[in-house]
């Protein structure tokens, strides 16, 4: 059976996520230094740590984990919708102020009037910093002439749509599936199969590409889909799952897929 579709993760696979969030913390830290006299490097480090810690114990943590919404996304997402989305939206506003308040207090600085400004600055900078991973556009353009392309991304629908729009890549995809629209996220097999159904293929005709062993690679295996782990420096995670293939850059994909097609044809 021939390979007909390539499925892609979004964050830290096609667009930079962890790196640009770190850069946003650093830019807000410069503002904290200018406005409040904070030591910038320490502020950036502490704010990121507080974001992770407060997110872990927050009342919306289970909801976020199920859909793959990260602590850093809670610092700038709009989270449109009712029900649990409204609860997340309300909590996130307070969460943002708490993150930067605690980072200032770590340096014995109290400035209640400045917290909203720092929280808003993070969202503004994070949006301005959005960018593609190296070789993303070129690789997708090349692959789109040979395969159907699908995107499977965890996260809030409004935030993921915003990222996709900013990337300029959407026109290259035949189908895009966002976990927040379905109430389940990767690595659940059902959401992978929803994407293959939308593309009109069976799992054995697809290959999944993603940076997360726990979500992308394990999820692909759950759904009977071959996988390629995009090993991104700085975002590695431990997981008891082995990918079928590993790359360290998107430019490696076309040649790898061509070899796979040849090997599968020979073995057929």
Q) In nm, what is the difference between 0.36 nm times the number of residues separating residue 97 and residue 246 and their Cα-Cα distance? A) 49.7 nm
**Q.** GNM result for the chain, Cα springs below 10 Å: residue of 12, 158, 197 fluctuating most strongly
**A.** 197
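Taking R0 as 22 Å, what FRET efficiency do you get between residue 158 and residue 66 from their Cβ-Cβ distance, rounded to the nearest 0.05?
0.80
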Q. Rounded if a/c is under 1.5, else prolate if a/b is larger than b/c, else oblate: which is segment 157-198, with a ≥ b ≥ c the root eigenvalues of its Cα gyration tensor?
A. oblate
Q: Between residue 265 and residue 52, take the C-beta separation as r, use R0 = 45 Å, and let me know the FRET efficiency to the nearest 0.05.
A: 0.45
Q: Compute the acute angle (0 to 90°) between the alpha-carbon long axis of helix 18-36 and the principal axis of greatest extent of the alpha-carbon atoms of the chain; round to the nearest 10°.
A: 10 degrees
Q. Roughly what would the spin-label model give for residue 174 and residue 120, points 7 Å off Cα along C-beta, in nm?
A. 4.6 nm
**Q.** Shape call, the chain: gyration tensor on alpha carbons, a/c limit 1.5
**A.** prolate
Q: Report relative contact order for segment 113-268 in percent, whole number only (criteria: Cα-Cα under 8 Å, sequence separation at least 6).
A: 18 percent
Q) What angle do you read, to the nearest 10 degrees and between 0 and 90, between the alpha-carbon axis of helix 40-57 and the longest principal axis of the chain? A) 70 degrees
Q) According to the square roots a ≥ b ≥ c of the eigenvalues of the Cα gyration tensor, what is the shape class of segment 18-128, taking rounded for a/c under 1.5, prolate for a/b larger than b/c otherwise, and oblate for the remainder? A) prolate
Q: List the residues of segment 54-98 whose backbone N lies under 12 Å from a point placed 7 Å from the Cα of residue 181 along the Cα-to-Cβ direction.
A: none
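Normalising by the residue count of segment 18-128, find the relative contact order in percent from Cα pairs under 8 Å and 6+ residues apart.
Once normalised by length, the contact order is 35 percent.
Restricting to Cα pairs below 8 Å that are 6+ residues apart, what does the relative contact order work out to for the chain? Please round to a whole percent.
25 percent
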Q | Neighbour-count ranking [beta-carbon atoms within 10 angstrom, fewest first] of 173, 260 | A | 260, 173
**Q.** DSSP beta bridge pairing in the chain, given as percent antiparallel to the nearest 5
**A.** 5 percent
Q. In whole angstrom, how far apart do the alpha carbon centroids of segment 93-138 and segment 209-266 sit?
A. 32 Å
Q: Would you please give the FRET efficiency between residue 1 and residue 141, computed as 1/(1 + (r/R0)^6) with r the Cβ-Cβ distance and R0 = 25 Å, to the nearest 0.05?
A: 0.45
(Q) Helix 157-167 against the longest principal axis of the chain: what's the angle in degrees, Cα atoms only, rounded to the nearest 10? (A) 70 degrees
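Read-outs: derived from the displayed coordinates by stated rules, not from any lab. Treat the numbers as computed from the prediction; the structure is a model and nothing was measured. We place every Cβ from the backbone using ideal geometry, glycine too, and count neighbours over all the protein chains shown.
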